[in-house]
1. May I ask you to list pairs of residues, at least six apart or on different chains, whose Cβ atoms are under 8 Å apart, with the first in region 78-103 being outside any loop (DSSP other than H, G, I, E, B) and the second being surrounded by fewer than 12 Cβ atoms within 10 Å (Cβ to Cβ) and among the hydroxyl-bearing types (Ser, Thr, Tyr)?
2. Among the residues in region 40-63, are any basic (Lys, Arg), at pLDDT 85 or above and in a loop (DSSP other than H, G, I, E, B)?
3. If you check Gln139 against the conditions, is it surrounded by fewer than 14 Cβ atoms within 10 Å (Cβ to Cβ) and under 37 Å from the mean Cα position of the chain (by Cα)?
Amino acid sequence: MEPDDPPRKHYTTKPREFERVNVPSSAAPPMPTAKELAQLAGNPAPTPRGAGGPKVGDPNDVYVLLQHNRAIERKHGQNEVLIKKTTSRRKRDYWLLIVPSNLLLAVLTWQGRGNPFILVCGLTGMVLATLGITWIMWQVMNDY
């Protein structure tokens with residue numbers, strides 16, 4: 001004999017009515033509306049033009065602090081930028097790759113000169129190696 005199933009649970013949403021804990025008494029005056037609160041606050045107070053800008057002698061004024069920092073940099077010579085021309089090793093590395101790779105392929109092509117397939121493959125390899133190394137060195141890589 002099978003045991004009886006537990007009673008089915010009924011899930012519902014939370015109750016829609018709010019429970020009022022401190023219900024106002026009937027003798028209390030009604031709560032003010034938003035319009036009445038705005039009237040109680042009064043008209044907005046006009047501010048003078050430029051009131052949001054920096055005050056004279058303000059120690060936290062950003063522009064004064066920046067001018068002070070720049071004056072100190074100029075005094076110590078840190079404001080000058082030294083541009084130094086660096087020589088690139090890219091041209092040297094390019095030729096160090098092109099010459100041996102083409103020389104190797106030229107020797108292999110010369111050794112198989114009796115076979116037209118090896119001749120075509122060797123010449124094609126030389127062209128592809130030259131174009132590939134040129135593209136990588138001058139288009140893909142940055143100056144180093």
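The values are calculated or read from the model by the stated rules, or taken from the named source; none is laboratory data. Owing to the predicted nature of the structure, the values given are computational and were not obtained by experimental measurement. Heads up, the Cβs are rebuilt from the backbone with ideal geometry, glycines too, and the neighbour counts pull from every protein chain shown.
1. These pairs meet every condition: Arg90/Tyr144.
2. no
3. On the way: surrounded by fewer than 14 Cβ atoms within 10 Å (Cβ to Cβ): yes; under 37 Å from the mean Cα position of the chain (by Cα): yes.
In short, yes.
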